[in-house]
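Notes follow the structure.
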Amino acid sequence: QVQLVQSGGGLVEPGGSLRLSCAASGSISGFSVMGWYRQAPGKQRALVANIPGFGRPNYADSVKGRFTVSRDYARNTESLEMNSLKPEDTADYYCNLKHRGNDYWGQGTQVTVSS
């Protein structure tokens, strides 16, 4: 049974920084894809960033240069470092794992960027 548990998030002023973390439990291959998605009110869930197994990170154009995704293969964890946050980054953020043809999701965490 694979489970994802997220931490981090909250309220930050524009230009600030936040860090999200995700820990996966269960038997997970290093070749799985771990990533982050977000869903703003009234919008569809969209990819923010991901790391294919032992591959290079991919980023949505809107976060390139501001967000950094990292992954610890030994601990089955990933993090999303978010800098220079903008009001349009406000959304619910979800950790995602694509493993053996299945999609697994974290519980979600709210990120609000507002002054």
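The values are calculated or read from the model by the stated rules, or taken from the named source; none is laboratory data. It should be emphasised that the depicted structure is a prediction, and the values quoted were computed from it without experimental measurement. Cβ placement follows ideal geometry from the backbone for every residue including glycine, while neighbour counts extend to all protein chains displayed. SASA here: full protein model, heavy atoms, side chains in, ligands and nucleic acids out. Shrake-Rupley method; radii C 1.70, N 1.55, O 1.52, S 1.80 Å.
Electrostatic bookkeeping for residue 19 treats Lys and Arg as +1 and Asp and Glu as -1; over the other residues with beta carbon under 12 Å from its beta carbon, the sum is -2. Heavy-atom surface analysis with a 1.4 Å probe gives the chain a carbon and sulfur content of 46 percent of its accessible area. With the convex hull drawn around the C-alpha atoms of the stretch 8-115, the volume per residue stands at 94 Å³. In this structure, residue 102 and residue 46 have a Cβ-Cβ separation that, at R0 = 25 Å, corresponds to a calculated FRET efficiency of about 0.80. Taking every protein chain into account, the 1.4 Å probe leaves residue 90 with about 40 Å² of accessible area, to the nearest ten. Per residue, the stretch 6-115 exposes 53 Å² of solvent-accessible protein surface, assessed with a 1.4 angstrom probe and all protein chains in place. Averaging sequence separations of C-alpha pairs under 8 Å and six or more residues apart, then dividing by the length of the stretch 1-114, give the relative contact order as a whole percent. About 36 percent, as a whole number. Other residues whose C-beta falls under 9 angstrom from the C-beta of residue 32 contribute a net charge of +2, scoring Lys and Arg +1 and Asp and Glu -1.
If you sort 7, 79, 27 by accessible surface, 1.4 Å probe, largest first, the order is 27, 7, 79. In order along the stretch 110-115, phi translates into HN-Hα couplings of 8, 10, 10, 10, 7, 9 Hz, rounded to whole numbers, per the Karplus curve 6.51 cos²θ - 1.76 cosθ + 1.60 with θ = phi - 60° and x for Gly and Pro. Using the Karplus relation 6.51 cos²θ - 1.76 cosθ + 1.60 with θ = phi - 60°, the per-residue 3J(HN,Hα) values for the stretch 25-31 come to 10, x, 8, 10, 7, x, 8 Hz, with x marking Gly and Pro. Karplus-based coupling profile of the stretch 40-47, in residue order and whole Hz: 8, x, x, 10, 7, 5, 9, 5, with θ = phi - 60° in 6.51 cos²θ - 1.76 cosθ + 1.60 and x standing for Gly or Pro.
Give me the number: length gained by fully extending residue 17 to residue 5, i.e. 0.36 nm times residue separation minus the C-alpha to C-alpha distance, one decimal in nm.
Net length gain for the segment: 2.2 nm.
Dipole magnitude for the chain: about 260 debye, using +1 per Lys or Arg Cβ and -1 per Asp or Glu Cβ, origin at the Cα centre. For residue 9, the residues 5 or more places off, or on other chains, whose built amide H falls under 5 Å of its own are 19.
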